[in-house]
Amino acid sequence: MSDNEKAQKLDRQLELIKQQGIDPKREFWSAIESRVNRSKRYQRTGKSFWYGAIAASIAITTFMAGWQLSVLQAPENPVTGYYLLAERMNAEQQVQLHGMRVGYETAGYSQINGNTEEQLTQLALARQEITESLRETSGDPNLLELLRWVNEQELKLLNQSYTLTQSVQEI
Amino acid sequence: MQSEPASEDVLLATRGDVDAFQRLYYLHIKQVYGLVLRLCADKSLADDLVQEVFVQLWQKLGSFRGDSKFSTWLYRVTTNICLTEMRKQKRWFAKLTSDSHDVSEQVSEGGLDMSQLDKLILKLPEQTRQVFVLHALQGESHQQIADWLGIAIGTSKAQFHRARKRLEEWLQDE
């Protein structure tokens, strides 16, 4: 067979396989659909998280502005029961966060990369600001409720980050 | 190549319609799987990668602007994802030193219906095969291939020539 004939034979076969793919003989759609739906849920949760975080930021800013006005009128700000309660809630939160991280990592899970750590840092800063506000004022039950919400979001976010990573690995 | 899907399904999928995305999946799965398998020459890896490709495609659908045919965009994104994921996998590096004949046997045992030429393509050395698949089957330029694989354009051209010569010889022997 001449070089030209060899080249033509290859070209003919190439044209044939260009038209056709390869049948995988396996069904992948259900696994893909599951991951696609999970990613949709995660995106929704992410949006909800940011809406909540923005709302919390506005609430903190509003409160801080009001507090600065009240500080001018009140020379003394004794430590209140609200602050002590907040400190206790924060201590318990740290124990829960640590326990959750250790539990997941011991079980072989790893935390998802991306902006989870950034979001967790934002929440930790929010907690710090709320607690500081409670320490320096005569106390506000709404702030305590806000603190409870921030702590709750933090646990949810951390839990979700480990769960998601493991699900991806399983597939 | 595959016929272009109804543009409505592409539009619906970019808006988050999973049913439309499923229709796109069934329309393109054979072409995408063929491309992935020819690039990695490992059935088990191709099975993993093709799922990863479609999940990432779903996430990237928003970046499809309609400047090119959907299928053109799809295969380029597939190539990008596939080459990136393959670099991440340690077994990919292990394959670089393995006997390519074993790879072909592994694929054949997977029960796939492949043409004679496909079986021979899978016997080519790694980089030679990737260049050949991307240029001869996907119609990509040597410049684009060189960028993807991190090689010189001249190397891409030389690898393509090498692949053609080998395949011509092997086809003659078959």
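The values are calculated or read from the model by the stated rules, or taken from the named source; none is laboratory data. Since we're looking at a predicted model, the values are computed, not measured. FYI the Cβ positions are ideal-geometry reconstructions off the backbone, even for glycines, and counts take in every protein chain you see.
Looking only at the range A:1-23, how many residues end up being among the small types (Gly, Ala, Ser) and in contact with a helix residue (DSSP H, G or I) (Cβ under 7 Å, 6 or more places away or on another chain)?
Number satisfying all stated conditions: 2.
Would you mention how many residues in the range B:50-83 are over 24 Å from residue B:128 (Cβ atoms), in contact with an Asp or Glu (Cβ under 8 Å, 6 or more places away or on another chain) and either of a type in the set (Asp, Glu) or within 14 Å of another protein chain (Cβ to nearest Cβ) (or both)?
2
Residue-wise test of (1) farther than 22 Å from residue A:15 by Cα; (2) touching a Lys or Arg at 6+ places or on another chain (Cβ under 6 Å); (3) at pLDDT 90 or above; (4) not basic (Lys, Arg).
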{"position": "B:80", "(1), (2), (3), (4)": "yes, no, yes, yes"}
{"position": "B:88", "(1), (2), (3), (4)": "yes, no, no, no"}
{"position": "B:92", "(1), (2), (3), (4)": "yes, no, no, yes"}
{"position": "B:141", "(1), (2), (3), (4)": "no, no, yes, yes"}
{"position": "B:161", "(1), (2), (3), (4)": "no, no, yes, yes"}
{"position": "B:167", "(1), (2), (3), (4)": "no, no, yes, yes"}
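When only residues in the range B:35-49 that are surrounded by fewer than 24 Cβ atoms within 10 Å (Cβ to Cβ) and facing chain A (nearest Cβ under 10 Å) count, which is farthest from residue A:20 (Cα to Cα)?
Looking at residues that are surrounded by fewer than 24 Cβ atoms within 10 Å (Cβ to Cβ) and facing chain A (nearest Cβ under 10 Å), I get B:48.
I want to confirm something. Restricting to the range A:85-123 and keeping residues that are surrounded by fewer than 17 Cβ atoms within 10 Å (Cβ to Cβ) and of a type in the set (Gly, Ala, Ser), which single residue is modelled with the highest pLDDT?
The residue in question is A:91.
Being within 7 Å of chain B (Cβ to nearest Cβ) and more than 17 Å from residue B:115 (Cβ to Cβ) is the filter here; which residues of the range A:7-36 pass it?
Scanning the range A:7-36 gives A:7, A:26, A:28, A:29, A:31, A:32, A:33, A:35, A:36.
Here is a check on your reading of the model: is residue B:33 of a type outside the set (D, E, K, R) and more than 20 Å from residue B:130 (Cα to Cα)?
no
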